[in-house]
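Contents: one structure, followed by commentary.
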Amino acid sequence: MSSNNLSPEQLAARWEVTLDTLQRWRREKVGPRFFKVERRIRYRLEDVEAYESASLRSCGIGAAGAAA
C-alpha cells in the first residue's frame, strides 16, 4: 500500500479522534474522501490535507496560521 494513503488508525492518531468518530463521519459523509481496497478503508493523504486546509479556511485561519 502506498505511503500516500492513511489507514483509519493513522488518521485517528493524526487528528486525535477515535476510530468510532471516523466511522460515524464516513456514515454521515463528513470528513475527507475515503476509498476501500478489498475491505480495508484508506484515505489519500492529499484528500486529508485538502480537507484540513478547507477546515482551516472555514474557521478563518489563513495559511500562515494567523486570523484572516
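Values as computed for the structure displayed
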item: The listed residue being surrounded by 10 or more Cβ atoms within 10 Å (Cβ to Cβ) and either touching a strand residue (DSSP E or B) at 6+ places or on another chain (Cβ under 6 Å) or over 20 Å from L56 (Cβ atoms) (or both), out of R27, R40, R33, R14; result: R40
item: Per-region count, the range 40-63, residues modelled with pLDDT under 95 and either among the basic types (K, R) or not in a helix (DSSP H, G or I) (or both); result: 6
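The values are calculated or read from the model by the stated rules, or taken from the named source; none is laboratory data. Computed from a predicted structure; not experimentally measured. We place every Cβ from the backbone using ideal geometry, glycine too, and count neighbours over all the protein chains shown.
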